[in-house]
Amino acid sequence: MAINIKPLHDRVLVRPMEAKETVKGGIIIPDTAKEKPQEGKIAAVGPGKLLDDGSYSKMSVKKGDTVIYSKYAGTEIKIDDHEYLLMREDDILGLID
């Protein structure tokens, strides 16, 4: 599946991972009680933050990286029946190996 969105400046497009349906005790959690996921895989990245001299700073993440981001980060968008978040690179807290 090709994504036709190219984020601008220091923004990234993240596909959130699915929330877990069960907990350690085997209890099934309904959709209405699931927490919003804070992990996702980067689907697209912008060129970087625009600097005063007209150049762009290098992005710390790349397409395919798995990241942890702030709980209420980004703007939710839907592309081809898939949910994505469009957020600034500053909203990303860390990379997962």
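Here, each number is a calculation from the coordinates, and none is a lab measurement. Because the structure is predicted, anything quoted here is derived from the model rather than measured. Backbone-built Cβ (ideal geometry, glycine too); neighbour counts: all protein chains shown.
Points to keep in mind about this one:
- With the charge dipole of the range 39-97 set up from +1 on Lys and Arg Cβ and -1 on Asp and Glu Cβ about the Cα centre, the Cα lying farthest toward the positive end among the listed residues GLY64, GLY40, LEU86 is that of GLY64.
- Full extension of the segment from LEU51 to GLN38, taken as 0.36 nm per residue of separation minus the current Cα-Cα distance, would add 1.8 nm.
- Exceedance of the 20 Å cut-off in Cα-Cα distance is limited, within the set LYS6/LYS62; LYS58/LYS78; LYS6/LYS78; LYS49/LYS78, to LYS58/LYS78; LYS49/LYS78.
- For peptides 39-49, 63-73, sequence by mean Cβ density within 10 Å, most packed first: 39-49, 63-73
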